[in-house]
Amino acid sequence: MTPQLPATARLGLGGMALLLVLAGPTLPATAAPADSARTPTAATVEEQRLDRAAPQEILRRSGFDTFAPRFERALHGSRSYARAERTVTRHASELWKRAVARAQGHGPATGDLSRGDDRPLYWARLALSRELRAWTPRFELDDEQRKALHTALETASRGQSDIHYPGHRTKRVLVTGFDPFTLDRDVRIGNPSGASALALDGTLVRTADGPARIETVVFPVRWADFAEGTVERALARQLPHVDLFTTISQGRQGRFDVERTNGAWRGGFPDNENAASTGLVPVTDPGTQPQWTSTTLPYRQLTEAETGRFPVYDNTEVTEVPAGGTQPVTRPDGPTPGSASRAGGGGDYLSNEIAYRVTLLRDRLGLPKLPGGHLHTPILQFGTDNTNPQTGAVTDPDFERNRADIVRQVRELVRTAVGAAG
């Protein structure tokens, strides 16, 4: 994921005080103590953007504007924490499944936006989140329980509780995408990695060695979520059972990049909550934390194969502080021994961070030969006559074609990677 603001802004995605746990806290379904908080909480920065014209149009033109009102009515009928938890999980899971089905051409085509659009899922999730945040329950609900309900909403609506693989004769592939970002620059923006996740979830690709099933999840563009271990909770149980994984995010203009090296550094570019974080990527057991991790994707085959319209590069560049040095230096061919990371090939934002975290998780789980790494897609661009965020349309033919071409090429790159990995 590339901020793509000034030329000096770096790539990447992040965290803050990570606990490597496989699941969140188990909370009681009984009533909370009498002094617990029932009062609603204020809408987040992300949720506040919902009221702008473009998000409302995207929701209306996709038919996803119906999710929040139905969710609100169901929440108001919940008379216990257990009932509320079931309501949240059911509606969030339905949102994910509907978004996947819409992207893959299943079921009725609601609205006139193209089926492959990832933005309805993003804005509908925020609409549900805002309803949950504003909800005053009929029973006592403490802060931890309310937070757990939001976690359940995030988990189910991002595909993280919907990963299912068949028997051993089919290879297992795990792909991750991201939400749209840099929304204060252009609230109309989409993310081709999220669109790819919706298009690929639960699908089969054919290789010379047989079929492979792809399961996908989507992650938020928020430093705090990474800090709280959202990546590790979602993926730690999955990695030992897959044959290949790739994290995907939006990267540079007009090209794909296979990122060879990932760095343990966050550069502080603001996330979707307009929060910033700079410094070493925080992980458990920091005493054994490496400055760099490496891809195990078959990068040579990915760059050489004919996979689609966009060129694919093996990106080996990093930025480091050399051993004994004090100033960052950009190296075209990877890090030097003993250096400190300042940017991986994927930069220093949350895409670099997810690549670093998942490849570190791979290594710490004792899976050094498991093929996996990070793929940056081209930037998803609007047409040349539709670039003004204030006056532009939410879609145009070039925008639709660009997204469709990127998604098709992601599918072919994943198929190529699985075939090359053997």
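Nonpolar atom fraction for the chain, defined as the carbon and sulfur part of the 1.4 Å probe accessible area, stands at 52 percent. Listed by chain and number, the aspartates and glutamates placed with their C-alpha closer than 19 angstrom to that of K147 are D35, E46, E47, E72, E85, E131, D225, E228, E232, E273; residues fewer than eight positions away on the same chain are left out. Oblate is the label for the stretch 308-422. Its Cα gyration tensor axes, ordered a ≥ b ≥ c, give a/c of at least 1.5 and b/c at or above a/b. Kindly identify the stretch 101-188 as rounded, prolate or oblate by the Cα gyration tensor criterion: order the square roots of the eigenvalues as a ≥ b ≥ c, call it rounded if a/c is under 1.5, otherwise compare a/b with b/c, prolate if a/b is larger, else oblate. Because a/c hits 1.5 or more and a/b fails to exceed b/c, the stretch 101-188 counts as oblate. Contact order for the stretch 259-316, expressed relative to its length and based on alpha carbon pairs under 8 Å spaced 6+ residues apart, stands at 40 percent. Entry note, the chain: the mean residue ellipticity at 222 nm calculated from DSSP H runs of n ≥ 4, each adding -39500 (n - 2.57), is -10500 deg cm²/dmol after division by the residues and rounding to the nearest 500. Here the spin labels are modelled as points 7 Å beyond Cα on the Cα-Cβ line, and at Q56 and Q253 they lie 3.3 nm apart. Here the stretch 54-180 is treated with +1 on each Lys and Arg Cβ and -1 on each Asp and Glu Cβ, and its dipole about the Cα centre works out to around 440 debye. For the stretch 314-422, the per residue solvent-accessible surface stands at 40 Å², with DNA, RNA and ligands left out and a 1.4 Å probe. Here's the list of lysines a cross-link from K369 could span, going by alpha-carbon distance under 25 Å and ignoring same-chain residues fewer than 8 apart: K171. Here the contact order of the stretch 284-422, divided by its residue count and restricted to Cα pairs under 8 Å and six or more residues apart, works out to 28 percent.
Counting heavy atoms of the protein chains alone, R342 has an accessible area of about 70 Å² for a 1.4 Å probe. The figure for S93 is an accessible area of roughly 30 square angstrom, using a 1.4 Å probe on the protein chains alone.
Between F139 and T387, full extension at 0.36 nm per residue minus the direct alpha carbon distance yields a gain of 84.4 nm.
Going by accessible surface with a 1.4 Å probe and the largest first, D179, D243 read D243, D179.
Relative contact order of the stretch 33-145, please, whole-number percent, based on alpha carbon pairs below 8 angstrom and at least 6 residues apart. Taking the mean separation of contacting Cα pairs over the length of the stretch 33-145, I get 50 percent.
Taking all protein chains as shown and a probe of 1.4 angstrom, T261 keeps an accessible surface of around 10 Å². Entry comment: accessible area of the stretch 77-232 is 34 Å² per residue, from protein heavy atoms only and a probe of 1.4 Å. Between the stretch 294-369 and the stretch 48-96, what is the separation of their alpha carbon centroids in Å? Taking the Cα centre of each part, the stretch 294-369 and the stretch 48-96 sit 38 Å apart. Need one number: % antiparallel among DSSP beta bridges in the chain, to the nearest 5. Around 50 percent antiparallel, to the nearest 5.
The values are calculated or read from the model by the stated rules, or taken from the named source; none is laboratory data. Computed from a prediction, not measured in an experiment: that's the story for all the values here. Every residue, glycine among them, receives a Cβ derived from its backbone with ideal geometry; neighbour counts consider all protein chains shown. These accessible areas exclude ligands, DNA and RNA; they are computed on the full protein's heavy atoms, side chains included. Shrake-Rupley method; radii C 1.70, N 1.55, O 1.52, S 1.80 Å.
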